[in-house]
Amino acid sequence: MTKRELRQQIRTQKRRLSAVEMAVLSEDICSKVLALASWQEAGTLLLYYPLPDEVDVRMLIKDAFERGKRVLLPVVKGNELELHLYEGEASLKEGAFGIMEPTGPLFAPKHYDEIELAVIPGMAFDSAGHRLGRGKGYYDRLLPNLKAAKLIGICFSFQFLDEVPAEAHDISVCKVIS
Ligand code: ADP
Ligand code: MG
């Protein structure tokens with residue numbers, strides 16, 4: 001199956017899930033992340049603010065923020081993702097693609113080595129860590145710069161597949177939680 005066909009198939013499956021079902025599954029996935037030693041130990045993390053059809057990781061954002069961890073979220077700038085400091089739910093504003101983005105200070109690329117853990121959304125992952133995104137390659141361009149981060153892929157279990165098509169530019173994650 002091509003990447004495009006696979007994205008289409010996943011979108012169809014996502015539409016079958018109700019908001020309540022997604023919330024229940026999301027809570028279970030977040031609990032698994034909260035239990036990771038790498039989560040508990042990380043002081044600086046990259047998370048993502050979920051779209052309605054993605055695993056809802058707002059519980060992770062809240063947990064990390066309340067524990068005083070440094071939480072970074074992506075901001076879409078043209079073809080690139082910038083990282084900005086999350087300073088609380090009230091400081092978010094809607095950005096490109098309807099994604100809520102932080103208005104806190106820019107986290108400059110020269111500091112990217114300080115990021116210990118990155119929680120990465122995906123349309124699909126496989127057990128080798130191959131990741132299928134939404135087709136714009138944003139994370140494939142960002143992730144090579146996060147040299148010290150443990151990359152955790154996050155998806156619903158129907159998005160965790162035997163095999164995801166991967167190209168040379170695709171960046172794999174270290175571990176998938178579904
Ligand atoms: P996604 O990872 O979002 O599923 P793809 O892997 O299909 O998307 O990549 C989407 C586009 O982004 C492709 O045209 C690819 O060539 C481009 N791309 C991916 N990584 C890079 C990179 N490191 N530099 C430049 N272009 C890239
Ligand atoms: Mg890719």
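Observations on the model:
- Peptides 84-94, 133-143 ranked from most to least packed, by the mean per-residue count of other Cβ atoms within 10 Å: 133-143, 84-94.
- Along the stretch 76-85 the Karplus relation, 6.51 cos²θ - 1.76 cosθ + 1.60 evaluated at θ = phi - 60°, assigns HN-Hα couplings of 6, 10, x, 8, 10, 9, 8, 10, 10, 6 Hz to successive residues, with x for each Gly and Pro.
- Longest to shortest principal axis, alpha-carbon extents of the stretch 1-73, angstrom: 40, 27, 20
- Across the accessible surface of the stretch 14-162, with the other protein chains kept in place and a 1.4 Å probe, carbon and sulfur atoms take up 54 percent.
- In order through the stretch 18-30: 3J(HN,Hα) via Karplus (6.51 cos²θ - 1.76 cosθ + 1.60), integer Hz, x for Gly, Pro: 7, 4, 5, 4, 5, 5, 5, 5, 4, 4, 5, 5, 4
- Two-decimal log10 I(q)/I(0) for the chain, as the Debye equation yields it once each C-alpha is a single scatterer, q = 0.08, 0.10, 0.19 Å⁻¹: -0.22, -0.35, -1.44
- Under a 5 Å amide H cut-off, with hydrogens placed 1.01 Å from N, Glu101 pairs with Lys93, Glu94, Gly95 among residues at least 5 apart or on other chains.
- Only beta bridges with both residues in the stretch 3-177 are counted; by DSSP, about 45 percent of them are antiparallel.
- Packing order of peptides 42-48, 126-132, highest average first: 42-48, 126-132 (average count of other Cβ atoms within 10 Å over each peptide's residues).
- Pairs from Lys69/Lys136; Lys32/Lys175; Lys32/Lys147; Lys62/Lys147; Lys69/Lys150; Lys77/Lys136 whose Cα-Cα separation, in the structure shown, is over 18 Å: Lys69/Lys136; Lys32/Lys147; Lys62/Lys147
- Averaged over its residues, the chain has an accessible area of 50 Å² per residue, based on protein heavy atoms and a 1.4 Å probe.
- Volume per residue of the convex hull around the Cα atoms, evaluated for the stretch 34-81, comes out as 90 Å³.
- GNM top mover of Val71, Val33, Val20 - the chain, alpha-carbon springs below 10 Å: Val20
- Taking label positions 7 Å along the Cα-Cβ direction at both Ala23 and Leu106, the computed distance is 3.8 nm, reported to one decimal.
- Computed over the stretch 12-54, Kirkwood Rh from alpha-carbon pairs, angstrom: 12.1 Å
- Selection among Val20, Leu151, Gln9 by position relative to the dipole of the chain gives Gln9 as farthest towards the positive end (Cβ unit charges, Cα centre).
- J(HN,Hα) series, the stretch 126-136, from Karplus relation 6.51 cos²θ - 1.76 cosθ + 1.60, nearest Hz, glycine and proline x: 10, 5, 7, x, 4, 10, 10, x, 7, x, 10
- Here the stretch 104-136 and the stretch 1-42 have alpha carbon centers that stand 15 Å from each other.
- Per residue, the convex hull volume that the Cα atoms of the stretch 54-153 enclose (Å³): 111 Å³
The values are calculated or read from the model by the stated rules, or taken from the named source; none is laboratory data. Quantities reported herein were computed from a predicted structural model and do not represent experimental measurements. Neighbour counts run over all protein chains shown; Cβ positions are idealised from the backbone, glycine included. Accessible surface areas use protein heavy atoms only, side chains included; no ligands, DNA or RNA. Shrake-Rupley method; radii C 1.70, N 1.55, O 1.52, S 1.80 Å.
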